[in-house]
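Below is one structure, written out as C-alpha cells, with a few remarks after it.
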Amino acid sequence: MNGTEGLTHLHTHAREALALSKQERVQRAHELPWINYPAAEKLHLDLETLVTLPSSHRPPCRALLAAPNNGKTRLLRRFAKKHAPAEDPSIDEGPLEVPVIMIEALDGPHERQFFNQVIDAFGVPFRPDDNIHRLRYKAERLLTYFKTRVLLIDEFHVIASGTPAMQRNLLNILKNLSSRRRMSIVVSGVQEATAALAIDTQFSSRFRTVHLPLWEGSAWRRLAHSLEGHLPFPEPSHLGEARFAERLLFEAESTIGGLIDLLLDMTHWAIMNDEPKLTLDTIQKCGWIRPSERIRAASAAFY
C-alpha cells in the first residue's frame, strides 16, 4: 500500500502491517492490544482498592465469576502485570515489593500443589517435593517479605474435583493465609466456584461476588468495531454494523474470548486467500465451529 488514503478504519500499526507478507500480517493480527470496556474498568478499579486499603485482620475478598472464555483470565493477568515489581535503579537488591501475585490455573484442592504454585509465582528456586511444612513456611515468608497484598487465583472451581475434606482443608489454608498475612484473596472461575466457597461459610462471607456478564447490544457492536481497527485489511469490514455484529454474537456465543478467536480464524483465512476484508461468508469459509459445538463433538468422540 502506498500512503494511508482510505485506511482511516485502521489503527497505525494495522496500516503499517499491510506492507508485510501474508504470514507477518497474520502474526500482527494476533498481537491484539488490550481493549478496555466498562465492566473491566469497574472491576479493575475495585481490585485497586484491595491493594491500597489499610491492613485488616479480615481483609475483603472477591469472587469473580464469568462464563468460559469471557475475559476473566486476561483481565486478571493485566491487573497482575500492572503491579509487577519495578526495580529501583538506585538499589542493587532488586524489587522491594510484589503487591500482587497470580496463580493462573489452580492445580486442584491439594495443599502441596497450592504452596508450590505460590512459591513458583515469585520466581524463586525451590524443591517441589520438599517437606510440606517447609513449603508452607517458605510460601508465607515470601508473601511477608515481598509485602503481598492481593493473591489472585484463577480457575478456582477446580477445587470441586476434590473430596469435601480436601476442599475444606484448602479453604482453611486460604482463610488462615488471608488473616495472618492480612492479604485479600481474589478467586476467579465459573459458577461452580461459589459452591466451593460455600463449604466454609465463615470464609465465604468475606467474598463479594463480581460478575462479568455476557455481551449484548450496543456494547457488543462497539467491541466488534474496536477490534476491526486492529485487523490489517485494506477495506473496512464493518463488523459493528447490526447484521454482521449479530451473527458474530451468535457464533462467538456472546463472549469476548469467542469473538477474538473467531476474528483471528477469519483473518487468517482471509489474508491467506487475498481477501481485502472480512465478510459474513468468511465465517463458514474459515471452518469456524462454535465453542459449544466443539465440546459436544469432543464428548461424542468418546461414545
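Side notes on the structure shown:
- In this Cβ point-charge picture (+1 for Lys and Arg, -1 for Asp and Glu), the range 77-197 has a dipole of about 460 debye about its Cα centre.
- Using the empirical formula 2.2 N^0.38 Å as the baseline, the Cα radius of gyration of the range 190-303 reaches a ratio of 1.38.
- Take S55: with every protein chain present and a 1.4 Å probe, its accessible area is about 70 Å².
- Sorting 161-171, 122-132 by average packing, meaning the other beta carbons within 10 Å per residue, from highest down gives 161-171, 122-132.
- Here the chain is assigned +1 on the Cβ of each Lys and Arg and -1 on the Cβ of each Asp and Glu. Its dipole about the Cα centre then comes out at about 1180 debye.
- The residue list A193, H30, I103 was ranked by how far each Cα lies along the charge dipole of the chain toward its positive end, using unit charges on Cβ atoms, and A193 comes out on top.
- Whole-Hz couplings from phi, Karplus 6.51/-1.76/1.60, listed for the range 267-282; x for Gly and Pro: 5, 4, 5, 5, 5, 5, 10, 6, 7, x, 6, 8, 9, 4, 5, 4
- Vicinal HN-Hα couplings computed from phi for the range 168-184 (Karplus, 6.51 cos²θ - 1.76 cosθ + 1.60; Hz; Gly/Pro x): 4, 5, 5, 5, 5, 4, 5, 4, 5, 4, 4, 6, 5, 8, 6, 10, 6
- In this Cβ point-charge picture (+1 for Lys and Arg, -1 for Asp and Glu), the range 185-247 has a dipole of about 180 debye about its Cα centre.
- Bridgeable lysines around K277 (alpha carbons under 28 Å apart, same-chain partners fewer than 8 residues away excluded): K22, K285.
- Answer label, with Rg/Rh (Cα atoms, Kirkwood Rh) calculated from the coordinates and candidates (i) 1.10; (ii) 1.07; (iii) 1.03: (iii)
- Under 5 Å between amide hydrogens, built in the peptide plane, is the criterion, and for R62 it picks out I185, V186, V187, R208 among residues at least 5 positions away or on other chains.
- Ranking by accessible area, most exposed first, for K81, K285 with a 1.4 Å probe: K81, K285
- Close amide-amide hydrogen proximity is noted between M102 and L152, each under 5 Å apart and 5 or more residues distant or on a separate chain (H modeled in the peptide plane; Pro and chain starts excluded).
- Listed residues T12, I289, Y137: farthest to the positive end of the dipole of the chain (Cβ charges): Y137
The values are calculated or read from the model by the stated rules, or taken from the named source; none is laboratory data. These figures come from a predicted structure and were not determined experimentally. All Cβ positions, even for glycine, are placed from backbone atoms using ideal geometry, and neighbour counts span all protein chains on display. The accessibility values were calculated without ligands, DNA or RNA, using every heavy atom of the protein model including side chains. Shrake-Rupley method; radii C 1.70, N 1.55, O 1.52, S 1.80 Å.
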